[in-house]
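Colleague: Quick one: structure below, then a few questions.
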Amino acid sequence: MQFIEWTQNMSVGIEEFDTHHRKLCSIINKLNDAVSGGKEDKIIREVLAELYNYTVYHFLAEEEAMERVEYPGYPLHRQEHLDLTLKTMELMRAAESSDIGGEVLDFLKNWLTHHILEVDKNYKEHFSSRSAG
Ligand SMILES: [Fe+2]
Ligand SMILES: [Fe+2]
């Protein structure tokens, strides 16, 4: 079993974003494998950078889409994206001088799961009503 698994109940109803979320899960799994497999720091930092870059890419894509459909929850959603981006940046900085432990992986797993289930899923209905109209 994978460390974090995308399941159907995490679907936000937009194929593009479900694909992005699956990719984020797979990068976190890669990081978990690298950490638990005792890979060298350089590899671990590379995977963390990949996670950061993909997170920024995905957040921007969601933000553009939310603006396009005039989603009322956009400001708060964007704020959470900013917080998560900063937090991930901090982890990247911390990983330059110390090892990544299980608590960092748990944190990443929790933020992604929470964000998809409790923040992203809130736009599902708004998007589907806009595309139907
Ligand atoms: Fe998302
Ligand atoms: Fe989001």
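Colleague: Which residue is surrounded by the most Cβ atoms within 10 Å (Cβ to Cβ), if the candidates are limited to region 111-133 and must be away from ligand 2 (no atom under 15 Å from the Cβ) and either hydroxyl-bearing (Ser, Thr, Tyr) or under 18 Å from LEU31 (Cβ atoms) (or both)?
Modeller: SER128
Colleague: Now for a separate question. Checking LEU86 against (1) aliphatic (A, V, I, L, M); (2) modelled with pLDDT under 95; (3) more than 22 Å from GLU5 (Cα to Cα): exactly one of these is not met. Which one?
Modeller: (2)
Colleague: Going by what's in this entry, would SER98 be described as closer than 26 Å to GLU15 by Cα and away from ligand 1 (no atom under 16 Å from the Cβ)? If you could, list the steps in order and put the result at the bottom.
Modeller: Values: closer than 26 Å to GLU15 by Cα: no; away from ligand 1 (no atom under 16 Å from the Cβ): yes.
In short, no.
Colleague: Restricting the first residue to region 12-29 and requiring it to be within 11 Å of TYR54 (Cβ to Cβ), which pairs with a second residue that is of a type in the set (Val, Ile, Thr) and in a helix (DSSP H, G or I) meet a Cβ separation below 8 Å and a spacing of at least six or different chains?
Modeller: So the pair list comes out as HIS21/ILE116; LEU24/THR55; ILE27/VAL47.
Colleague: Are any of the residues in region 32-55 farther than 19 Å from ASN9 by Cβ, within 16 Å of ligand 1 (Cβ to nearest atom), of a type outside the set (A, V, I, L, M, F, W, C) and crowded, with 18+ Cβ neighbours inside 10 Å? Give the derivation first.
Modeller: Of region 32-55, the ones farther than 19 Å from ASN9 by Cβ are 32-55.
Filter once more, keeping what is within 16 Å of ligand 1 (Cβ to nearest atom): 51-55.
If we keep only those that are of a type outside the set (A, V, I, L, M, F, W, C) too, we end up with 52-55.
If we keep only those that are crowded, with 18+ Cβ neighbours inside 10 Å too, we end up with 55.
Yes, region 32-55 contains at least one residue that is farther than 19 Å from ASN9 by Cβ, within 16 Å of ligand 1 (Cβ to nearest atom), of a type outside the set (A, V, I, L, M, F, W, C) and crowded, with 18+ Cβ neighbours inside 10 Å.
Colleague: Of the residues GLU5, GLU62, GLU50, only one is at pLDDT 95 or above, within 16 Å of TRP111 (Cα to Cα) and touching a helix residue (DSSP H, G or I) at 6+ places or on another chain (Cβ under 7 Å); which?
Modeller: Going through GLU5, GLU62, GLU50 in turn, the sole match is GLU5.
Colleague: Which residues, taken from region 87-110, are open to solvent by 50 Å² or more (accessible area, probe 1.4 Å) and free of Cβ contacts under 8 Å to residues at least 40 places away in the same chain? Reasoning before the result, please.
Modeller: Just the residues of region 87-110 that are open to solvent by 50 Å² or more (accessible area, probe 1.4 Å), to begin with: 87, 89-90, 93, 96-99, 103, 106-107, 109-110.
Answer for region 87-110, where residues must be open to solvent by 50 Å² or more (accessible area, probe 1.4 Å) and free of Cβ contacts under 8 Å to residues at least 40 places away in the same chain: LYS87, MET89, GLU90, ARG93, SER97, SER98, GLU103, ASP106, PHE107, ASN110.
The values are calculated or read from the model by the stated rules, or taken from the named source; none is laboratory data. Values in this document were obtained by computation on a predicted structure and should not be read as measured data. All Cβ positions, glycine included, derive from the backbone under ideal geometry; neighbour counts span all protein chains shown. To get the accessible areas, we keep the full protein, side chains included, count just its heavy atoms, and leave off ligands, DNA and RNA. Shrake-Rupley method; radii C 1.70, N 1.55, O 1.52, S 1.80 Å.
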